[in-house]
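To keep things clear, I will list the structure first and then write my remarks on it.
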Amino acid sequence: MKNLRFGAAVTLAVLTLGVTVAFVQAQSNRPGDKPYEPRKGQSGKDVIWVPTPDPTAEKMLDAARTTPDDYVIDLGSGDGRLVIAAAKRGIRGHGVEFNPDMVEYARKKAAEAGVADKASFIQGDMYEADISKATVLPLFLLSENLERLVPKFLTLKPGTRIVINGYQIYGWEPDQTVLAEGDCGYWCTVYLYIVPAPAEGTWQLGEQVLTLKQEYQKITGTLGKSAIENATLNGNEIRFSVGRTQYMGRIEGAEMKGRIAGARSGVWMARKG
Ligand SMILES: C[S@@+](CC[C@H](N)C(=O)[O-])C[C@H]1O[C@@H](n2cnc3c(N)ncnc32)[C@H](O)[C@@H]1O
């Protein structure tokens with residue numbers, strides 16, 4: 001008797017669940033409902049939706065020198081157009097968007113464009129997203145959003161490119177600024193930022209100490225008692241000169257090494273100490 005009552009209760013629960021699911025599905029997908037269409041300027045969690053114009057999207061991917069080996073992540077991906085534009089170039093990509101309707105819409109657009117196998121979208125908060133696999137981040141966000149994301153950007157592999165439509169990152173000078181042409185309205189300027197390797201600190205270079213100070217890709221410092229000059233840092237690639245000797249090399253973690261040219265020639269190596 002007890003078992004029978006328990007069985008009836010389970011059946012009732014399963015039926016109730018089934019009816020509820022069917023009701024919710026019917027509510028969200030009623031025949032005759034208009035398909036979801038986003039409106040320019042519609043509100044978003046931390047920034048409204050305004051789409052990147054197509055010529056600007058293409059310019060962003062050009063500025064980042066994307067290749068099919070890249071993996072693109074758009075934070076606040078809207079209707080998915082930046083990820084879809086990359087996918088049409090054969091590049092895999094992923095969009096993180098807070099608005100679930102926009103996520104569905106982007107998936108539909110990717111399928112229509114025939115690139116659903118290369119372009120994926122997920123509902124989520126961009127500040128929480130895992131971006132560790134990105135080699136290129138094409139973004140259209142406000143400077144204040146970008147500022148919050150900078151600590152995450154700096155954990156990315158050196159050389160990762162961040163290409164931004166219209167807005168700059170406070171205090172970080174872009175590596176390049178380019179203009180899109182054609183029908184790009186107010187949104188034609190693209191800023192490229194290249195994630196720099198961590199270079200700051202003291203390094204033992206032969207018998208001498210190389211001391212570097214770093215602000216993003218800008219480096220200054222001394223080798224022994226001489227100031228280094230013409231110093232540049234492009235991802236992992238470091239260059240500087242001391243007098244008439246030029247040092248060109250790569251930073252790999254706690255080691256940097258490369259070639260010397262100019263007054264002397266040969267190879268050099270330094271270890272962080
Ligand atoms: C200016 S639009 C850019 C859309 C797209 N990246 C483009 O370039 O066309 C910003 C997008 O970010 C989304 N968004 C706002 N706050 C967000 C958050 N915290 N996490 C994820 N997406 C967010 C908005 O819903 C909107 O779709």
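The values are calculated or read from the model by the stated rules, or taken from the named source; none is laboratory data. What you see is a predicted model, and the numbers here were worked out from it, not measured in a lab. In this analysis, Cβ positions are derived from the backbone assuming ideal geometry, glycine residues included, and neighbour counts consider all displayed protein chains. With ligands, DNA and RNA removed, areas are computed over all heavy atoms of the protein, side chains included. Shrake-Rupley method; radii C 1.70, N 1.55, O 1.52, S 1.80 Å.
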**OP:** Would you mind pulling out the separation of the Cα centroids of region 93-121 and region 206-241, in Å?
**Re:** 43 Å
**OP:** Would you compute, from DSSP H runs of 4+ residues alone, the mean residue ellipticity of the chain at 222 nm, taking -39500 (n - 2.57) per run and dividing by the full residue count, rounded to the nearest 500?
**Re:** -8000 deg cm²/dmol
**OP:** Over the chain, with every protein chain in place, what whole percent of the accessible area is carbon and sulfur at 1.4 Å, could you tell me?
**Re:** 54 percent
Subject >> Fraction in percent of alpha-carbon pairs per bin - 10 Å, the chain >> reply: 6, 24, 24, 17, 13, 7, 4, 3, 1, 0
Original post:
Say the dipole of region 167-224 comes from +1 at the beta carbon of Lys and Arg and -1 at that of Asp and Glu; which of Gly201, Pro174, Cys188 then lies farthest toward its positive end?
Top reply: Gly201
Original post:
If you line up the long axis of helix 143-153 against the longest principal axis of the chain, both from Cα atoms, how many degrees apart are they, to the nearest 10?
Top reply: 70 degrees
Original post:
Considering only the other residues whose Cβ falls under 12 Å of the Cβ of Tyr216, what net charge follows from Lys and Arg at +1 and Asp and Glu at -1?
Top reply: -2
**OP:** Leaving out ligands and nucleic acids, note down the accessible area per residue over region 87-155 with a 1.4 angstrom probe, in whole Å².
**Re:** 49 Å²
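Please compute the net charge surrounding Phe98, taking Lys and Arg as +1 and Asp and Glu as -1 over other residues with Cβ under 9 Å from its Cβ.
On the way: positive: Lys45; negative: Asp46, Glu97, Asp125.
Around Phe98, the surrounding residues sum to -2.
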**OP:** With unit charges on the beta carbon (Lys/Arg positive, Asp/Glu negative), name the residue among Ser226, Gly41, Phe153 whose Cα is farthest towards the positive pole of the charge dipole of the chain.
**Re:** Ser226
Original post:
What is the magnitude of the charge dipole of region 197-250 about its Cα centre, with +1 placed on the Cβ of each Lys and Arg, -1 on the Cβ of each Asp and Glu, and no other charges, expressed in debye to the nearest 20?
Top reply: 100 debye
Subject >> Separation between Cα centres of region 136-183 and region 40-63, rounded to whole Å >> reply: 13 Å
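Under unit Cβ charges (Lys, Arg +1; Asp, Glu -1), what dipole magnitude, rounded to 20 debye, does the chain have relative to its Cα centre?
Working: 33 positive and 31 negative charges, 144 e Å.
The dipole magnitude comes to about 700 debye.
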Subject >> Built amide H within the under 5 Å cut-off of Val50, gap 5+ >> reply: Gly41
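How much net charge surrounds Glu181 when only the other residues with a Cβ under 14 Å from the Cβ of Glu181 are counted, with Lys and Arg +1 and Asp and Glu -1?
On the way: positive: Lys59; negative: Asp54, Glu58, Asp62, Asp183.
Charge balance in the 14 Å sphere: -3.
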